[in-house]
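Okay, so here's the structure we're looking at.
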Amino acid sequence: MPKRQSPDPISLFDLSVTTDASRRVLSVLKRGWLSTGPIAREFEIAIGKQLKVANCVAVSSATSGLQLALMASDVAGKEVITTSLTMVATVEAILLAGGKPRFADIDPTTLTIDPLSVARLCNKQTAAIVSVDLAGNPVDYSRLRKITRDAKVRFISDAAHSFAAKVGASSVAVLCDFSVFSFYATKNLTCAEGGMVVSKSKSASDQIRLMSRHGMTTNADDRRRNRRWKYDVPYFGIKANLSDVHAAIGLGMLTRFDADQNHRRLCAERYARNLSSLSEWIRLPQERPGTTHGWHLFIVQLQTNRLTVSRDAVIDKMAKCGIECGLHYRPIYELSWYKKHMAIDRKALPNTIAAEQRIMSLPLHPRLTMKDIDRVFETLADIVKRHRR
C-alpha cells in the first residue's frame, strides 16, 4: 500500500512579494543610489494617500520610529506608561529615549491597554503614554485621548500592527500625537525592514525627519544633487532613515495591499464562524464597536481551566499536524533581561497575568485558502475536544 502523504504545512505568516516590488527594486539598483532618496519620498507620499494624512516620515523600523517620537516628546528622565503585553521593541524604544517604563494592565477582552489602569498610573512624572494596537485591534483612542489631554502628556501609538485599522472612518494615524507603523517582513504591508512615523504636526514631522538622519539638515543625496556640501545639526539624532531599496519593496507591495487586506478579513470571518462552536473552550478576538480591526494577527484565548493541556502543549500539537501557530507576546516581565534590570509590579497586572498562559496566534495571511482555515479549525477542534475537562 502506498504511504499516505502528509498535507502541506500551513505557515503562520506569508513572506512572498509582488512582481511589481521586484521590478521596482531592480530599478533602484540600476539607478545608482541605494540609500534614502526620491523613492523613499515617493513611498511617504503613497502612504500619506493610503492613510489620508499629510505628515509621514519613513524610517528604518517601527522601533526606531518609536524612539524618535519619544525623543521628540522629551521623555528622558520621565515616566512613560505602556503595556507589558507587547513586542519587546516597545519598551526598548522607551529605554533608548531615556524614559522610565511603567506598565498598565490590559482589557481582558481586547487584550489592549486598559484606560482605567492608565489613569491610575498618571502623575506629575508622566511624560507620555504609548498604546499598542495588539494584533491590529485599535485601543480605546477616545478615552486615552481624554486622559492624555487632561494630564497634558504626549499620546503615542505603537501602531505596528494596525496599518489597516480604523476608528469610525478614520485611520488610527490621526488620533494621537504620533502614530508609528511597522513594515517588517511579516506585516500586512512590508518593506522587508522599515516603518513610518505619522504626526498631525508638520513641525514635529520635520524634526523627526532630521533626527532620523543624525539630526543633519541634508543627507548625502541632497548634497550630491544640489552640489552643496554645507549642512547643520540642529537636533541630536540617530541613524534611522529608510533606504530607497526598502521603499521600492513597499511601493510594490502597496499595489496588492487592499486585496490582501480584504482577504485577511474574510479569513478572520471564517475563523470566527468556525470557532464559535468552541466558545466553551476558546475565546475569540473582539472588535470594539465603531472600529475596524487591522487583522495582522488572529489571537485566540484558550480557556485552559477547561482543558487538560496547556497553551504551549496545544501549539506543539498543532505543529505536529503541520500547522504553525505563534505567541504574541510573552509579557515583558517574563523576559530575563527585564526581570534582572526592572522591578515590575505583577500584582498590578492581573488581566495580563490571566491572559499570558491562554493566548495563541493562528495562521493569518493572504495566501491562506478557506480550505486551509477549515483545516486549522478542524485540527484545533480535535485537540480541544480530546483534552476537555
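Scanning the stretch 188-217 for residues that are in contact with an Asp or Glu (Cβ under 8 Å, 6 or more places away or on another chain), open to solvent by 20 Å² or more (accessible area, probe 1.4 Å) and aliphatic (A, V, I, L, M) yields a single hit, Met216. Answer yes if at least one residue in the stretch 178-188 is in contact with a Phe, Trp or Tyr (Cβ under 9 Å, 6 or more places away or on another chain) and free of Cβ contacts under 8 Å to residues at least 40 places away in the same chain, and no otherwise. Among the residues of the stretch 178-188, not one is in contact with a Phe, Trp or Tyr (Cβ under 9 Å, 6 or more places away or on another chain) and free of Cβ contacts under 8 Å to residues at least 40 places away in the same chain, which makes the answer no. I need the full set of residues from the stretch 218-232 which are surrounded by fewer than 14 Cβ atoms within 10 Å (Cβ to Cβ) and either at pLDDT 90 or above or under 26 Å from Leu66 (Cα atoms) (or both), in order please. The one that is surrounded by fewer than 14 Cβ atoms within 10 Å (Cβ to Cβ) and either at pLDDT 90 or above or under 26 Å from Leu66 (Cα atoms) (or both): Asp232. Cβ-Cβ distances below 6 Å connect no pair with a first residue in the stretch 56-72 that is free of Cβ contacts under 8 Å to residues at least 12 places away in the same chain, a second residue that is part of a helix (DSSP H, G or I) and surrounded by fewer than 24 Cβ atoms within 10 Å (Cβ to Cβ), and a separation of six or more residues or different chains. Take Leu266 and decide whether it is assigned to a helix (DSSP H, G or I) and either hydroxyl-bearing (Ser, Thr, Tyr) or open to solvent by 20 Å² or more (accessible area, probe 1.4 Å) (or both). Criteria met by Leu266.
Does Ser60 satisfy being at pLDDT 95 or above, of a type outside the set (Lys, Arg) and under 25 Å from the mean Cα position of the chain (by Cα)? Taking the combined requirement at face value, the residue satisfies it. Of the residues making up the stretch 181-200, those that are outside any strand (DSSP E or B) and at pLDDT 95 or above number 10. If you scan the stretch 359-372, which residues turn out to be buried (at least 19 other Cβ atoms within 10 Å of the Cβ) and within 23 Å of the chain's Cα centre (by Cα)? Selection gives Ile359, Met360, Ser361, Leu362, Pro363, Leu364, His365, Leu368.
One residue stands out among those in the stretch 91-110 that are of a type outside the set (S, T, N, Q) and either in contact with a Gly (Cβ under 7 Å, 6 or more places away or on another chain) or more than 30 Å from Ala240 (Cα to Cα) (or both): the one that is surrounded by the most Cβ atoms within 10 Å (Cβ to Cβ), which is Ile106. Restricting the search to helices (runs of 4 or more DSSP H) fully inside the stretch 272-389 and requiring at least 1 residues that are polar (S, T, N, Q) gives 336-341, 350-356, 370-386. Residues in the stretch 273-313 that are basic (Lys, Arg) and closer than 16 Å to Ala354 by Cβ were compared, and the one that is surrounded by the fewest Cβ atoms within 10 Å (Cβ to Cβ) is Arg306.
The values are calculated or read from the model by the stated rules, or taken from the named source; none is laboratory data. Here the structure is a predicted model, which means the values were calculated and not measured. Don't worry about glycine lacking a Cβ; one is built from the backbone with ideal geometry, like all the others, and counts go over all protein chains shown. In case anyone asks, the SASA skips ligands and DNA or RNA and just uses the protein heavy atoms, side chains included. Shrake-Rupley method; radii C 1.70, N 1.55, O 1.52, S 1.80 Å.
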